[in-house]
Amino acid sequence: MTRPLLPTPPSWVRDGRFELGTFAAPFADINPLDAAFGPRLLRRLRLKEWQHFAVVSDDWYLSLALFDAKWLALAQVCLFDRAEGKTLFYERRVPPWRLRVPATLAAGEVEVSQGGMRLGFANRLDPPEAGEHRIDFEVAATRALPAARGRFTLFEPLAPAADAQTPIVVSLPLPNGGALYSHKCVIPCEGELEVGGERFAFDRARCYALADVHKGFYPWVMTWRWATAGHAGPGGVAGFNLTNNQVVDQEAYNENCLWADGGLHLLPPVDFTIDGGVAAVGKPWRIRDRRGQVDLTFVPEAVRTVDINAGILKSRYRGPFGAFRGKIAAGEGDVAVDGWFGMCEDFYLRA
């Protein structure tokens, strides 16, 4: 690989400059506004922040997100019934001043209540050997959608725990002189979901989750394609994270990785080829790299679509759910990806 796994500095920004690279552990101090990147007020307005967690069982795929673009803030609960192929999507626009994404994962909480929806995340990665995230949500019934609620614990113990997970923690340069910070990990989870009065248990031995925490000073127009999926079994959880975005020099800086056999394996840049358009159910996406390490096919079973056109702010989002098949070469051999369930994204935002 052309990029090393670096020791983590104390802070994301030091002496006004972003500490760039792929790191071996989370930052203790995530301080984006200390960057020498334009006036402080402009920095605050340009900073995009979100926390997103996917929770997956044999029956359900849940996508839960709080997104703060400063001009616009969103709370989203998406429930995909895998057996029925049915998507329940609840979204609320939130006044931006009412959403404050936590500055750190060591001990931070955020909760939003808006229009019959309550969604909260509690991050507790300190102490590291007992790290976890807690999710609690409830949405009222509407004419089109049933009431739903859920409570989950996501387990992300860090070293020196025996079952420690190694997240992918990156700081990557963007073409406008800014940078993005991302912390992602595929981890075990447990909890309970209730939809329309019917309850579903999520067993730690068979369920997994994706933690996706992000902050970035993006250009006026943001774009990316992203793929992630996981698998839970007797050997623990496995998963991958693959992105093609606006990062400068993706050979040296990217967030592509595989979690398998208890380890984190860094991967090269990838390209996405999409048949039939990004919103086409049943039409495959192909994700490959130029070295032959990544060769995956993703077939969408359902597509979540969000379009916003509000003057200077415009967003186009396509988020299909489905299964991946293929292989990823990492470590001493190939890892077979056979029906791993997850999602892709094709995203555009002008804000």
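Which members of the range 266-288 meet the condition of being more than 18 Å from residue 341 (Cβ to Cβ) and surrounded by 15 or more Cβ atoms within 10 Å (Cβ to Cβ)? Across the range 266-288, the qualifying residues are 266, 267, 268, 269, 270, 272, 274, 278, 279, 280, 288. Scanning the range 4-46 for residues that are touching a Lys or Arg at 6+ places or on another chain (Cβ under 8 Å) and either among the β-branched types (Val, Ile, Thr) or surrounded by fewer than 17 Cβ atoms within 10 Å (Cβ to Cβ) (or both) gives 22, 30, 33, 36, 38, 44, 45.
When residue 221 is tested against (1) closer than 19 Å to residue 345 by Cα; (2) surrounded by 15 or more Cβ atoms within 10 Å (Cβ to Cβ), only condition (2) is not met. Among residues of the range 142-174 being touching a helix residue (DSSP H, G or I) at 6+ places or on another chain (Cβ under 8 Å) and either free of Cβ contacts under 8 Å to residues at least 40 places away in the same chain or among the hydroxyl-bearing types (Ser, Thr, Tyr) (or both), the one that is surrounded by the most Cβ atoms within 10 Å (Cβ to Cβ) is 157.
If only residues of the range 83-96 that are within 16 Å of residue 67 (Cβ to Cβ) and modelled with pLDDT of 90 or more are counted, the one that is farthest from the chain's Cα centre (by Cα) is 95.
Selection over the range 95-119 of residues that are in contact with a Ser or Thr (Cβ under 9 Å, 6 or more places away or on another chain) and either in contact (Cβ under 8 Å) with a residue 60 or more places away in the chain or in a strand (DSSP E or B) (or both) gives a count of 1. In the range 279-287 there is no residue matching the filter, namely being out of contact with any Phe, Trp or Tyr (no Cβ under 8 Å at 6 or more places or on another chain), closer than 22 Å to residue 259 by Cα and basic (Lys, Arg). For the range 32-48, the criterion of a residue being under 24 Å from residue 179 (Cα atoms) and either in contact with a His (Cβ under 9 Å, 6 or more places away or on another chain) or among the hydroxyl-bearing types (Ser, Thr, Tyr) (or both) is satisfied by at least one position. Hey, can you tell me all the residues within the range 92-134 that are farther than 20 Å from residue 79 by Cα and basic (Lys, Arg)? Within the range 92-134, 98, 100, 124 meet the criteria. Residues in the range 120-140 that are in a loop (DSSP other than H, G, I, E, B) and either under 30 Å from residue 163 (Cβ atoms) or at pLDDT below 95 (or both): 125, 126, 127, 131.
The residue that is farthest from residue 322 (Cα to Cα), among those in the range 47-59 that are buried (at least 20 other Cβ atoms within 10 Å of the Cβ) and hydrophobic (A, V, I, L, M, F, W, C), is 47.
Condition check: touching a strand residue (DSSP E or B) at 6+ places or on another chain (Cβ under 7 Å), over 27 Å from residue 269 (Cα atoms) and modelled with pLDDT of 95 or more. Does residue 50 satisfy that? Criteria not met by residue 50.
Here's the yes/no breakdown for (1) in a helix (DSSP H, G or I); (2) under 17 Å from residue 170 (Cα atoms); (3) in contact with a Leu (Cβ under 6 Å, 6 or more places away or on another chain); (4) of a type in the set (Val, Ile, Thr):
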residue: 27; (1), (2), (3), (4): no, yes, no, no
residue: 58; (1), (2), (3), (4): no, no, no, no
residue: 61; (1), (2), (3), (4): no, no, no, no
residue: 67; (1), (2), (3), (4): no, no, yes, no
residue: 80; (1), (2), (3), (4): no, no, no, no
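Where strands (runs of 3 or more DSSP E) fall entirely within the range 171-265, those with at least 1 residues that are among the charged types (D, E, K, R) and under 22 Å from residue 343 (Cα atoms) are at 179-195, 208-217, 221-233. For the range 13-25, the count of residues that are under 19 Å from residue 166 (Cβ atoms) and at pLDDT below 95 is at least one. Just need a number here: residues in the range 289-337 that are surrounded by fewer than 16 Cβ atoms within 10 Å (Cβ to Cβ) and small (Gly, Ala, Ser). Looking only at that region, the number is 6. Quick check: anything in the range 308-318 of a type in the set (Phe, Trp, Tyr) and without any contact (Cβ under 8 Å) to a residue 40 or more places away in the chain? Within the range 308-318, one or more residues are of a type in the set (Phe, Trp, Tyr) and without any contact (Cβ under 8 Å) to a residue 40 or more places away in the chain.
The values are calculated or read from the model by the stated rules, or taken from the named source; none is laboratory data. This one's a predicted model, so the numbers in the text were calculated from it and none came from an experiment. Using ideal geometry, Cβ is built from the backbone for each residue, glycine included, and neighbour counts are taken over all protein chains shown.
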